[in-house]
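Okay, so here's the structure we're looking at.
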Amino acid sequence: MAKVVALYQPYYDRLDAVFAGYSADGIAVLHDWCSRSTNLALAHMEELRATHADGM
């Protein structure tokens, strides 16, 4: 676990600094956008799988 923390902690520290520049409302908008776009991408992948189940 210590190796994982050592590897990723600098990234998370920088990410915290990025988010510190946003208001709570701004973070809510970012969260909403990320959630919606992820759900759209997942739905599209499922549509592609269903449409091209025969391997195209």
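The values are calculated or read from the model by the stated rules, or taken from the named source; none is laboratory data. Predicted model only: the values in this text are computed from it and were never measured. Cβ placement follows ideal geometry from the backbone for every residue including glycine, while neighbour counts extend to all protein chains displayed. To get the accessible areas, we keep the full protein, side chains included, count just its heavy atoms, and leave off ligands, DNA and RNA. Shrake-Rupley method; radii C 1.70, N 1.55, O 1.52, S 1.80 Å.
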Subset of region 10-37 (residues that are open to solvent by 70 Å² or more (accessible area, probe 1.4 Å) and among the β-branched types (Val, Ile, Thr)): VAL18, VAL29
LEU48 being of a type in the set (A, V, I, L, M), free of Cβ contacts under 8 Å to residues at least 40 places away in the same chain and exposed (fewer than 10 other Cβ atoms within 10 Å of the Cβ): no
